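The values are calculated or read from the model by the stated rules, or taken from the named source; none is laboratory data. What you are looking at is a predicted structure, and each value in this text was computed from that prediction instead of being measured. Because the Cβ atoms are built from the backbone with ideal geometry, glycine has one as well, and the counts that use them run over all protein chains shown. With ligands, DNA and RNA removed, areas are computed over all heavy atoms of the protein, side chains included. Shrake-Rupley method; radii C 1.70, N 1.55, O 1.52, S 1.80 Å.
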Amino acid sequence: MNPASVLPAMPGAAPVPGLASAWRWSPNPMFTFTAALSTDGRHNLQVNVRGRYDEALVAALLAHARAHDDTFVGKGRPLAAVGGFHHDGTQFDTVGVAAPEVHGYHATENPELSVVTYAVFAAYASEISGGENEEEAWGRFRKMLQPNRLDRTEVPFVKMRYGNTRTRSMSMGDARGFAPLDTLVRELELLDGAPGSFVEWENRHGAVRRVNSTDDGLELTHDTGRESVNPGRLEAVARTSVQ
């Protein structure tokens, strides 16, 4: 497989101004695909965009990914984060990268190209731990992060489990599962006045926090110990903890 010959031959492909060995094409009015060769020329770094397309932002993402592709090409990580990204006019601070087994780009029409392709997308540092297994990476990339949108909001890495004695709502099993930050905040808000209830969550660094509801109030457990916590402070604790 030689991406340098395959990519410029995509229907309607045109060179990307200001970015060497990169091409853009649009299979339909809704999607725009942009691909750039990796440093070694043997891999495809590709940004797929649905909806609004920003050529300057996409070129910056690919340039940053290529400048650091030794941190993810061939490293065996299903999902990786390349930090240090900045582009005027956006809040994105990271370039996300998904491996072939996660993204599925070109898997049907050109499997040989698919296995040498890395999906590149605009991301936030809070979203990716770098330690996700293949199943976790697949779920994050395909169901939660909306990697093909350049106008998306931040989706912090949150794994949680909970049980509430008043609402009778609970997570399944003993393992923490991925959830939106808003779900964590909502369940924490429901703890007050529900003795026997708990919420436990993990951030991208693997740090775990837990709030238990007791007859005496709310107790927060974290890596430095335990403390009583006011219900009104829980949202701030949650949002700060996942950055």
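Scan the stretch 92-148 residue by residue and report those that are within 9 Å of the chain's Cα centre (by Cα) and in a helix (DSSP H, G or I).
Ala125, Ser126, Glu127, Ala137, Arg140, Phe141, Met144
Name every residue in the stretch 16-39 that is in contact with a helix residue (DSSP H, G or I) (Cβ under 8 Å, 6 or more places away or on another chain) and either open to solvent by 30 Å² or more (accessible area, probe 1.4 Å) or small (Gly, Ala, Ser) (or both), in order of residue number.
Passing the criteria: Pro17, Gly18, Ser21, Ala22, Trp23, Arg24, Ala35, Ala36, Ser38, Thr39.
Hey, can you tell me all the residues within the stretch 28-59 that are free of Cβ contacts under 8 Å to residues at least 60 places away in the same chain and more than 19 Å from Leu7 (Cα to Cα)?
Selection gives Pro29, Met30, Ala56.
Got a number for residues in the stretch 141-158 being farther than 18 Å from Arg77 by Cα and in contact with a helix residue (DSSP H, G or I) (Cβ under 9 Å, 6 or more places away or on another chain)?
6
Where in the stretch 159-232 are there strands (runs of 3 or more DSSP E), lying wholly inside it, with at least 2 residues that are among the small types (Gly, Ala, Ser)?
Where strands (runs of 3 or more DSSP E) fall fully within the stretch 159-232 and carry at least 2 residues being among the small types (Gly, Ala, Ser), they are 225-228.
I need the full set of residues from the stretch 135-149 which are in contact with a Phe, Trp or Tyr (Cβ under 9 Å, 6 or more places away or on another chain) and surrounded by 21 or more Cβ atoms within 10 Å (Cβ to Cβ), in order please.
Arg140, Phe141, Leu145, Pro147
Going through the stretch 60-89 one residue at a time, which ones are of a type outside the set (Lys, Arg), open to solvent by 20 Å² or more (accessible area, probe 1.4 Å), within 23 Å of Pro17 (Cβ to Cβ) and free of Cβ contacts under 8 Å to residues at least 40 places away in the same chain?
The answer is Ala60, His64, Ala67, His68, His86, His87, Asp88, Gly89.
Filter the stretch 184-221 for residues that are open to solvent by 20 Å² or more (accessible area, probe 1.4 Å) and of a type in the set (A, V, I, L, M, F, W, C); which is farthest from Thr167 (Cα to Cα)?
Result: Ala207.
Give the stretch 222-243 a look and list any residue that's β-branched (Val, Ile, Thr) and open to solvent by less than 40 Å² (accessible area, probe 1.4 Å), or say none.
Selection gives Val229, Val237, Val242.
Step by step: first the residues of the stretch 155-176, then only those that are open to solvent by 70 Å² or more (accessible area, probe 1.4 Å) and in contact (Cβ under 8 Å) with a residue 24 or more places away in the chain, then the one that is nearest to Arg210 (Cα to Cα). Which residue is that?
My answer is Arg176.
Give the residue that is nearest to Ala35 (Cα to Cα), with candidates limited to residues of the stretch 93-134 that are aromatic (Phe, Trp, Tyr) and open to solvent by 10 Å² or more (accessible area, probe 1.4 Å).
So, considering only residues that are aromatic (Phe, Trp, Tyr) and open to solvent by 10 Å² or more (accessible area, probe 1.4 Å), the one nearest to Ala35 (Cα to Cα) is Tyr118.
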